[in-house]
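The values are calculated or read from the model by the stated rules, or taken from the named source; none is laboratory data. Because the structure is a prediction, the values reported are computed rather than measured. Here the Cβ positions follow ideal geometry from the backbone for every residue, glycine too, while neighbour counts run over all protein chains shown. Heavy atoms of the whole protein, side chains included, go into the accessibility calculation; ligands, DNA and RNA do not. Shrake-Rupley method; radii C 1.70, N 1.55, O 1.52, S 1.80 Å.
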Amino acid sequence: VGLGVMLVLAVGIVAVGAEWVTGNASLIVLGVMLVAVITIIWTAFVGGLDTRRALAPYGLLKPGILWLSLFFLAPLWSMLQMSLSSKQNRFDFFPTFSWEWSNYSTAFGDYGAQFGRSFLYAAIATLLTLLIGYPLAYVIAFRGGKYKAVLLGLVAVPFFTSYLIRTLAWQNLLADSGPVVSVFNVTGLTTVLEALGIMTNGQIMNTPASVIGGLTYNFLPFMILPIYVSLEKIDVRLVDAAMDLYSSASGAFRRVVLPLSLPGVFAGSLLVFIPAAGDFVNAQFLGNPNTTMIGNVIQDQFLRQLNFPVASAMSFVLMAIITVSVLIYAKIMGTDDLV
Amino acid sequence: MSTVENAQQRTGRRLVNVAAVFGLLYLFAPIVVIVIFSFNKPRGKFNIVWQGFTLDNWASPFADKALTDALFVSVRVALISSVIAAVLGTMIALSLSRYRFKGSGAVNLFLVLPLTSPEVVLGSSLATLFLSRGVDFGYTTVIIAHVMFQISFVAVTVRARIRGFDWTLEQAAMDLGASPQRAFWRITFPLILPGILAAWLLSFALSIDDFIITFFNAGSLVTFPLQIFGASRVAIPPQINVLASMLLFLSIALMVGALLIESRRQRMIASGTVKRKK
């Protein structure tokens, strides 16, 4: 009964929230939900302690699950509906549903470049956070000693300042007369970086490099913390055992430590890749018009052009691509546990 | 045991340490810049190039009224939403770790979904729902949106903290005649409270710093991040850096305080001065 009632309530609330049903039909749905609530209260009231115990988990879940159903699931449905809508004439503020598939072809046709760029930047940023974050997590976990807590605290310190302010600070750092460019000029790295195409005209600000650098920076702690957690769990004696069996230090790392830390790497990459792919703050603050990502386009279409259907279509495609790639990635890494 | 390491191993060891130090420096560079530039005396409207040292900004941290107002809006939103999310999320976490029941796998998956969706998608889809229902954007919509993404964070954090909790303690209390309610509030709740508080703090911080989801659902309401975003196009007052530095020092002080209290308590428990509270 508990599960049944919860499902009825969740489906009901999504149905009403997302306007599957309107007018009288929604009254009927609300009626059914009311009956379901009365049934469960009645069952709990009539039944003994055992019944009440069996119903308890559902009772605890209900408020939170219903909140998520109404404000997470129902919106996804509205968004899907919106992505197939169109404005009937130029003066319409609000589009009507009309199986308008052309929104999707606009999304891909006009903004394919931004999609590609988003996933490319997010992938590079994920790789960079892994390269920078793994050694740091490793040192904290195995060589931190009594300073472990302090070092972990240091990793979390960037979270104590606002995300936007952190990103703005990179404008100061990467400015043409700023410290980073000066160091590059003095050491002669500028020529090397220009040859590699990372810098253009002695600038690093407003290039793909600065956007990727910003993404890498902002999501780095999300990579470090899960890797640290999985490294921390490793029994150091396993490494000793490998060494006793004449494994080299690097061999012990490759065949013992690394495989055991993969769940952390997996969780970390998701925590970096997903927000990075949808981000628009870094591209806005650190990029140029040629480095815009899909988040910028969605935000612009939705909030400035008020072109809700195309924005919805792009959001939906973004979500679909991310979900599929996460599933494939989970298959490759052989993990089922996401959290 | 490898007590003797050869030169090659030592070099490798040092390289990893150097990489770690580099990582920490990278994490701290912008933070240092934020604090330094809070002492800058900018000539134009943008606080980007260093002009000279001044204490004026610290003497008048609340000089920018719009910024201060926005900060208070953010604190209010964060307080309300994190309390709601802490209650709802803890209930879910309790239900998932305390009971075995049909459908718990599905609930688990459902909880993770908001965490694995990009914020643009969460923000724009919720805004679509509000638009289609004709809801006015403002405080309510922002709080609803924040609670939506905080619930999952709270549920996952609290569940991780109470994994391995000894539920027989509650059973024992009931065997001694406590009602289920009394057993929960007197035994279980005090023991899981630190986990709940940690989750509440996390969701408070997430709310105060959230930009993308808020951007879609705020209407004319201006939160702290929204104010900074708006300002970044027109003028960046140094007060932004002052307020950010203040928040930074406050959080560091809180964290250090919590660490000190915790280690002191551990020592006292170890030496038997205080007994662990029942």
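Assorted remarks:
- Annotation for the stretch B:212-219: no member residue is surrounded by fewer than 20 Cβ atoms within 10 Å (Cβ to Cβ), at pLDDT below 90 and more than 11 Å from chain A (Cβ to nearest Cβ).
- Selection count where residues are of a type outside the set (S, T, N, Q) and either surrounded by fewer than 24 Cβ atoms within 10 Å (Cβ to Cβ) or closer than 18 Å to B:Leu226 by Cβ (or both), scope the stretch A:300-312: 5
- Test for A:Gly112: is it without any contact (Cβ under 8 Å) to a residue 24 or more places away in the chain and open to solvent by less than 20 Å² (accessible area, probe 1.4 Å): no
- For beta carbons closer than 9 Å, sequence separation of 6+ or different chains, a first residue in the stretch A:138-165 that is within 21 Å of A:Gly264 (Cβ to Cβ) and touching a residue at least 60 places away in the same chain (Cβ under 8 Å) and a second that is β-branched (Val, Ile, Thr) and not in a helix (DSSP H, G or I), the qualifying pairs are A:Ala141/A:Ile234; A:Phe142/A:Ile234.
- Among the residues of the stretch B:122-143, just one is facing chain A (nearest Cβ under 8 Å) and either part of a loop (DSSP other than H, G, I, E, B) or within 21 Å of the chain's Cα centre (by Cα) (or both), namely B:Leu122.
- Just one of the numbered conditions (1) assigned to a helix (DSSP H, G or I); (2) more than 10 Å from chain B (Cβ to nearest Cβ); (3) at pLDDT below 90; (4) touching a helix residue (DSSP H, G or I) at 6+ places or on another chain (Cβ under 8 Å) is not true of A:Ile124: (3).
- Test for B:Gln171: is it buried (at least 23 other Cβ atoms within 10 Å of the Cβ), polar (S, T, N, Q) and more than 8 Å from chain A (Cβ to nearest Cβ): no
- Filter result (closer than 17 Å to B:Val120 by Cβ and surrounded by 21 or more Cβ atoms within 10 Å (Cβ to Cβ)) within the stretch A:64-99: A:Phe71, A:Phe72, A:Pro75, A:Leu76, A:Ser78, A:Met79, A:Met82, A:Ser83
- Meets criteria (over 30 Å from B:Leu109 (Cα atoms) and either away from chain B (no Cβ under 14 Å) or crowded, with 19+ Cβ neighbours inside 10 Å (or both)) for A:Ser102: yes
- If you go through the stretch A:68-114 and keep only what is farther than 25 Å from B:Thr140 by Cα, in a helix (DSSP H, G or I) and aromatic (Phe, Trp, Tyr), you end up with A:Tyr104, A:Phe108, A:Tyr111.
- Across the stretch A:163-176, the qualifying residues are those that are more than 7 Å from chain B (Cβ to nearest Cβ) and either assigned to a helix (DSSP H, G or I) or not charged (D, E, K, R) (or both), and the one among them that is surrounded by the fewest Cβ atoms within 10 Å (Cβ to Cβ) is A:Leu174.
- Per-region count, the stretch A:128-149, residues open to solvent by 10 Å² or more (accessible area, probe 1.4 Å) and at the interface with chain B (Cβ under 8 Å from one of its Cβ atoms): 6
- So A:Leu196, is it more than 14 Å from chain B (Cβ to nearest Cβ), open to solvent by 50 Å² or more (accessible area, probe 1.4 Å) and not acidic (Asp, Glu): yes
- Residue match in the stretch A:206-223 (condition: at pLDDT below 85, open to solvent by 10 Å² or more (accessible area, probe 1.4 Å), more than 7 Å from every other protein chain (Cβ to nearest Cβ) and within 31 Å of the chain's Cα centre (by Cα)): no
- Residue within the stretch B:95-116 that is open to solvent by less than 10 Å² (accessible area, probe 1.4 Å) and farther than 20 Å from A:Ala74 by Cα present: yes
- Here B:Glu262 meets the list (1) crowded, with 16+ Cβ neighbours inside 10 Å; (2) among the acidic types (Asp, Glu); (3) farther than 20 Å from B:Ala78 by Cβ almost entirely, failing just condition (1).
- Extreme residue, most open to solvent (accessible area, probe 1.4 Å), among residues of the stretch B:13-31 that are within 7 Å of another protein chain (Cβ to nearest Cβ) and farther than 21 Å from A:Val180 by Cβ: B:Asn17
- Among all positions in the stretch A:233-247, there is at least one residue which is open to solvent by 10 Å² or more (accessible area, probe 1.4 Å), among the hydroxyl-bearing types (Ser, Thr, Tyr) and either in contact with a Gly (Cβ under 7 Å, 6 or more places away or on another chain) or modelled with pLDDT under 90 (or both).
- Residue among B:Phe72, B:Phe46, B:Phe110 that is modelled with pLDDT under 90 and either touching a Leu at 6+ places or on another chain (Cβ under 6 Å) or more than 8 Å from chain A (Cβ to nearest Cβ) (or both): B:Phe46
- Verdict on B:Val83 being facing another protein chain (nearest Cβ under 7 Å) and in contact (Cβ under 8 Å) with a residue 12 or more places away in the chain: no
- The requirement of being among the aromatic types (Phe, Trp, Tyr), closer than 30 Å to B:Leu131 by Cα, open to solvent by less than 60 Å² (accessible area, probe 1.4 Å) and in a loop (DSSP other than H, G, I, E, B) is fulfilled somewhere in the stretch B:204-211, by at least one residue.
- Residue match in the stretch A:278-299 (condition: assigned to a loop (DSSP other than H, G, I, E, B), β-branched (Val, Ile, Thr) and open to solvent by 50 Å² or more (accessible area, probe 1.4 Å)): no
- The residue pairs whose first member lies in the stretch B:238-264 and is more than 10 Å from every other protein chain (Cβ to nearest Cβ), whose second member is of a type in the set (Ser, Thr, Tyr) and part of a helix (DSSP H, G or I), and whose beta carbons are closer than 9 Å, counting only pairs six or more residues apart or on different chains, are B:Gln239/B:Thr68.
- Flag if B:Lys65 is at the interface with chain A (Cβ under 8 Å from one of its Cβ atoms) and charged (D, E, K, R): no
- Matching residues, the stretch A:131-162, being part of a helix (DSSP H, G or I), in contact with a helix residue (DSSP H, G or I) (Cβ under 9 Å, 6 or more places away or on another chain), at pLDDT below 90 and not aliphatic (A, V, I, L, M): A:Phe142, A:Arg143, A:Tyr147, A:Lys148, A:Gly153, A:Pro158, A:Phe159, A:Phe160
- Filter pass, B:Phe224 being within 17 Å of the chain's Cα centre (by Cα) and closer than 25 Å to A:Phe285 by Cα: yes
- A:Arg237 falls short on exactly one of the conditions (1) under 24 Å from A:Leu127 (Cβ atoms); (2) of a type in the set (Lys, Arg); (3) over 20 Å from the mean Cα position of the chain (by Cα), and that condition is (1).
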